[in-house]
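Down below is the structure, laid out as structure tokens.
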Amino acid sequence: MVSTKFLDNEQNNSNIKTSIQEQWLRSLEKQLKEKNLKPLYVQWFCTHQCNFKCIHCGTDAAEKNKNELKTKEIISTIKDLSELKCEFFIATGGEPLLRRDLFIALGYAKNLGLKTGLVTNGFLVEKYKKEIAKLELDSVMVSIDGYRKKHDIIRGVDGAYEHAINALDVFTDINIPVIGVSTVILNDNLTDIPSINDDVIKHGCMVHRLQAVINEGRAKNFRYKPNVLENVFKFILDKRKQGIPVECDEGFGYLGPLEEKLREYRFFCQAGYRTFVILENGDIIGCSALDHPELCEGNIRTESIKDIWWNKFQQFRDRDIWYKLLPQKCKECRYLMECRGGCWVHRVNGEYCYLPIAKNVAEKYL
């Protein structure tokens, strides 16, 4: 059992963290009121088209959406983001490298002073090495969900793993400052994660992020088997003790006693405050809840992105609205202020609280 001393320390730390979170929230509210609040990073789901057939794809990506933004539309939007002093502009998808004007858009963003990033499955990176090198990207993230043949099966394409590893080598060769790998935790890839981690670190990965399945798209009915995430948390704890750069992503929400042991940063859902998503058709959402069109904040084809930024996102910014949307068990939780309902995307899809698992791991291993 967890020691009394540990529980006492946890309670004391909780009070301190609550104060810090409240100070941070008040600071963001003040910036918003004074119109000094800037988006930290904006994701652009640039296309619905994909060359893979991943079994857990949250976007259900396949064919190109006929209503995708035109080049001039995204260029205009990037200009507005620059005027809002957005820091990061990240292209994802689908597979971004299938979009013909991707390099034009990212190059334009870079020229305006935005930091740029790319999320890719890696399959086309070698083909577009010269174009990517010219972009001088600030960060890249390669998706790898299984070890060798397992990855190919999960992704539905032969050679997917080999191309992903080769993409890491390409990014290392052209000196991308931050090279990351993202692995979605599934029920049947748990034993692959140590091998994936060993391999990607050898090929230039600077941070290996493990993330929970979002119950959308093809993964709508996915549920974890018992002990899967407990074993993942234990793996991360062990690796981080060894100084190996692996962490859980923000999708796990607030993790109580493990909060500062499983990642480099303290959880705080920044949807609507420091980040938002531009979908391929121009819709704006706080974060990538793609199965819920009713949560759309507006569309850049009919509204200014500046107006959307300053006047929408009330479900995140208005405390009364935010509180009413929470499940009752969140309202009664001692960690409410630190957590604020956890990861928004996971909450709206019904899988949102991993705190009990974190507590169980803390009892066993801390």
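Filter the stretch 39-86 down to residues that are aliphatic (A, V, I, L, M) and more than 18 Å from GLY282 (Cα to Cα) and give me whichever is modelled with the highest pLDDT.
Here the answer is LEU40.
Give CYS330, CYS296 a once-over and let me know the one that is closer than 27 Å to THR47 by Cβ and not β-branched (Val, Ile, Thr).
It is CYS296.
Which residues, taken from the stretch 261-287, are small (Gly, Ala, Ser) and closer than 18 Å to CYS353 by Cα?
ALA271
Report, by residue number, each residue of the stretch 345-364 that is more than 14 Å from LEU229 (Cβ to Cβ) and either open to solvent by less than 10 Å² (accessible area, probe 1.4 Å) or more than 22 Å from the chain's Cα centre (by Cα) (or both).
Passing the criteria: VAL345, GLU363.
Take the residues of the stretch 174-190 that are in a loop (DSSP other than H, G, I, E, B) and open to solvent by less than 30 Å² (accessible area, probe 1.4 Å): which is nearest to ARG209 (Cα to Cα)?
ILE185
Of the residues in the stretch 1-19, how many are at pLDDT 55 or above and open to solvent by 70 Å² or more (accessible area, probe 1.4 Å)?
Qualifying residue count, the stretch 1-19: 0.
Considering each of ILE285, ILE305, ILE357 in turn, give the residue that is farther than 28 Å from ILE20 by Cα and in contact (Cβ under 8 Å) with a residue 12 or more places away in the chain.
The unique qualifying residue is ILE305.
Is one or more of the residues making up the stretch 68-75 basic (Lys, Arg) and open to solvent by 60 Å² or more (accessible area, probe 1.4 Å)?
yes
How many of the residues making up the stretch 198-217 are more than 18 Å from the chain's Cα centre (by Cα) and either buried (at least 17 other Cβ atoms within 10 Å of the Cβ) or of a type in the set (A, V, I, L, M, F, W, C) (or both)?
Summing the residues that are more than 18 Å from the chain's Cα centre (by Cα) and either buried (at least 17 other Cβ atoms within 10 Å of the Cβ) or of a type in the set (A, V, I, L, M, F, W, C) (or both) in the stretch 198-217 gives 5.
Residue under question is VAL246, and the condition is that it be modelled with pLDDT of 95 or more, open to solvent by less than 40 Å² (accessible area, probe 1.4 Å) and over 22 Å from HIS346 (Cα atoms); does it hold?
So VAL246 does not fit the description; no.
Taking VAL157 as the residue in question, decide whether it is over 19 Å from the mean Cα position of the chain (by Cα), of a type outside the set (Ser, Thr, Tyr) and surrounded by 20 or more Cβ atoms within 10 Å (Cβ to Cβ).
The answer is no for VAL157.
Mind checking which pairs have a first residue in the stretch 149-176 that is of a type in the set (Ser, Thr, Tyr) and a second that is open to solvent by 60 Å² or more (accessible area, probe 1.4 Å), Cβ under 6 Å, 6 or more apart or different chains?
If the second residue must be open to solvent by 60 Å² or more (accessible area, probe 1.4 Å), the pairs left are TYR161/ARG148.
Condition first: assigned to a helix (DSSP H, G or I), over 23 Å from CYS269 (Cβ atoms) and free of Cβ contacts under 8 Å to residues at least 24 places away in the same chain. Now tell me which residues in the stretch 205-252 satisfy that.
ASP238, LYS241
The values are calculated or read from the model by the stated rules, or taken from the named source; none is laboratory data. Since the structure is predicted, the reported quantities are computational estimates derived from the model, not experimental observations. Cβ sites come from the backbone with ideal geometry, for glycine too, and all protein chains shown count toward neighbours. Surface areas here come from the heavy atoms of the whole protein model, side chains and all, with no ligands, DNA or RNA. Shrake-Rupley method; radii C 1.70, N 1.55, O 1.52, S 1.80 Å.
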